[in-house]
Amino acid sequence: MDLSTHAFFEGKIVPWSEAKINIATHGFLYGTSVFSGMRAYWNDEKKKLFVFRPFDHYRRLLNSARMMAMEIPYDEEGLIDLTMNLLRTDNWKQDVYLRPTIYKADMGIGVRLHNLKDEFCMFVMPFEKYVSNDTNAHVTFSSWRRIDDNAIPARGKVAGAYANSALIKTDANRAGFDEALALDGNGHVSEGSAMNIFMVRDGVVITPPVTDNILEGITRRSVMELARDELGLEVVERSIDRTEVSIAEELFMTGTAAQIVSVTKVDHRPIGTGKMGPITTRLRELFDDVVRAKNKKYSKWNVEV
Ligand code: PMP
């Protein structure tokens, strides 16, 4: 990793190479940190960088912090200001990924959430594709279940919970698949390792509800709005059974890193025609314009640096 740029660490912007935590830090020892993954997109015509939906990302980050009994001295607007200052420091002129994190910063042994100091930090790095095969992905059903809201909240982006995502991802990749779908404790399809899932059945766009142990994805929310308002499609949030996936016309996954990934095969069964479908294709085009601030109607989602 190139650490020649800057990071936000312990209340100020510092050279990234100096943003270091001790090996006895609580957040590292126990996974007691919450984070967000955001993107900023370079618009080559306007020669400007735009952060995609930072207010929504920071609202979710602060909600995750609340679930984990964490407090920091910034609200959403304060975090956006700090983000803009960090991005301006390095004068980025390309697509970047931002990783803000709130963590339990005390050192020492003792697993708990209370009576510990919280810190906020953030780094920025160049970023392109997350799933290389994003037009023709082949996924499997994971043998791992998705974490349950009564164990670790999936709706919060809690670092420790990503051990679940890592198990899901590695076993899928080692078995030769691009990604996996995890079922929740009730046997319903929840999401991928770091992506929400959508299927199209009889022309209706369907995605699991936020009560089926999913992360409340910002991309999910954006895609639901685009499908409804731009493509005029019916969008329904309801539980999805495993066998519905194999008879869907189209299947795609959404996430900040992944963007929109077309899934064309699940466990060796082709989805629909076995090729990226028309709704997925259209949504990918629309989404790309929207995130790059090329669609005026959605400029409320693009915050200029
Ligand atoms: N589910 C999980 C488990 C994730 O880690 C992510 C990535 N943040 C998503 C879904 C997609 O969420 P978003 O669209 O907000 O990036």
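Computed values, structure above
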read-out	value
Beta bridges by DSSP in region 137-291, antiparallel share as percent, to the nearest 5	65
Entries of K20/K104; K157/K297; K20/K169 with Cα pairs more than 19 Å apart	K157/K297; K20/K169
Proximal aspartates and glutamates to K275, defined as alpha-carbon separation beneath 13 angstrom and excluding residues fewer than eight positions away on the same chain	D134, E249, E250
Overall dimensions of region 6-126 as given by Cα atoms, namely Rg and Dmax in Å	14.9, 53
Helix-only mean residue ellipticity at 222 nm for the chain, each DSSP H run of n ≥ 4 adding -39500 (n - 2.57), per residue, nearest 500	-8000 deg cm²/dmol
L167-K300 pseudo-label distance in nm [points 7 Å out on the Cα-to-Cβ vector]	4.1
Shape of the chain, Cα gyration tensor, a/c cut at 1.5	oblate
Pair M67, R242: separation of 7 Å Cα→Cβ label points (nm)	2.5
Nitroxide proxy distance, nm - points 7 Å out along Cα→Cβ at S4 and N85	2.5
Debye, to nearest 20: dipole size of the chain, +1 on Lys, Arg Cβ, -1 on Asp, Glu Cβ	280
Pairwise centroid distance, computed over Cα atoms, of region 267-305 with region 69-110, Å	27
Dipole magnitude (debye, nearest 20) for region 6-126, charges at Cβ of Lys, Arg, Asp, Glu	220
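Quick note: the coordinates plus some simple rules give every number you see, no bench work behind them. Bear in mind the structure is a predicted one, so any value in this text is a computation, not a measurement. Quick reminder, even Gly has a Cβ in these numbers, built from the backbone with ideal geometry, and neighbours come from all protein chains shown.
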